[in-house]
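Report on the following structure.
The values are calculated or read from the model by the stated rules, or taken from the named source; none is laboratory data. Everything numeric here is computed off the predicted structure, so don't read it as measured data. Because the Cβ atoms are built from the backbone with ideal geometry, glycine has one as well, and the counts that use them run over all protein chains shown.
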Amino acid sequence: MKQLLTTLLLIAIASQPKLQAQDIIKLYKKVPNSIAAEIREKTDSTKNGRLLTRNVTEPGITVFLPEKSNIKTPAVVICPGGGYSYLVINNEGTEVAKALNKKGIAAFVLKYRLPSDLIMKDRTIGPLQDAEQAIKMVRERFNDWNIDTNKVGIMGFSAGGHLASTASTQYTNVVIENPNHTNLRPDFSLLIYPVISFQDSILHKGSKKALIGEDAGVEKTRQYSNELQVNKNTPPAFLIHCSDDKVVPVQNTVQYYEALKKNGIKAEMHVYATGGHGFGMNNASRTDKWMDQCFAWLTEMKIIGIKE
């Protein structure tokens, strides 16, 4: 009987969809801009099931690959949110990666360092270093993961949206070693209730305080207010926000969208009346799913849906 149960268990495992994380890869052999400290990474669960990762000192990417295809697949680097204080690693990371896999998109959940003077020489560039390194790694290892290097995007939730929009507008600010001059510009951005600006009228105070300090000067504040950094080479973007978001004002999304349109960049924005903040893929106040609209936009942009 024991042998029969074991056999049945192995069959059940083998029959599960192949959408599990296939690998976890460190971003660096030696982490740049780092200070040795007795700090240990930890992940806790909340009452509503969110997994929160803190104290990241060894950044990496968790690799989720779709079923094998005869054509190169698009890729998305996912930046979970958490106010630059923690990472919501499941609702805004691994669960999203699995949904992308179902549409034939390779996904890479980025476990980036959270700004801290205890572990970084310059905390203002730490997260951007990790985002740039993740994009660089995905493009340089395209053969390993069957990636179309012209369809490498970045996705961010909340403060992860700030990181994603920073990577999208400031990719010429190279803060990592890049001897091969690998293209660090994302080809598209997916920004979900994102922090965009550190301007006083619409900022998320916690994100600004964590990254550059609440008393940062005008120049540094403008540098990290990404609606002010958009230009004609900024990648196209898909944006989601809710009018009743009391954590990150909806004007973050609106002003980024307006800056994109002013510069002739393709963009799509959906602003819902209700839903608040931090809902991941599931806005409970809606019967529709914003991910469906996201996939429709990716199809329109010819990122997905291209047949051999």
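Some notes on this structure:
- The condition of being in contact with a Lys or Arg (Cβ under 7 Å, 6 or more places away or on another chain), closer than 22 Å to Arg50 by Cα and of a type in the set (Gly, Ala, Ser) holds for only one of Gly275, Gly264, Gly280, that being Gly275.
- The condition (being over 16 Å from Val109 (Cα atoms) and either without any contact (Cβ under 8 Å) to a residue 12 or more places away in the chain or surrounded by 13 or more Cβ atoms within 10 Å (Cβ to Cβ) (or both)) is satisfied by just one residue among Thr46, Thr53: Thr46.
- Figure legend. Inter-residue proximity from the range 249-273: first residues closer than 20 Å to Thr299 by Cα, second residues in a helix (DSSP H, G or I), beta-carbon distance below 7 Å, spacing 6+ or different chains. Indicated pairs: Ala267/Tyr257; Ala267/Leu260; Ala267/Lys261; Glu268/Trp297; Met269/Thr253; Met269/Tyr257; His270/Trp290; His270/Gln293.
- Residue within the range 91-100 that is buried (at least 18 other Cβ atoms within 10 Å of the Cβ), among the hydroxyl-bearing types (Ser, Thr, Tyr) and part of a helix (DSSP H, G or I) present: yes
- Set side by side, the residues Ser225, Ser207 differ, and just one is modelled with pLDDT of 95 or more and closer than 27 Å to Asn48 by Cα, which is Ser207.
- Meets criteria (modelled with pLDDT under 95, assigned to a loop (DSSP other than H, G, I, E, B), closer than 26 Å to Ile304 by Cβ and in contact with an Asp or Glu (Cβ under 7 Å, 6 or more places away or on another chain)) for Lys68: no
- Unique match (being more than 15 Å from the chain's Cα centre (by Cα) and buried (at least 24 other Cβ atoms within 10 Å of the Cβ)) among Leu191, Leu211, Leu203: Leu211
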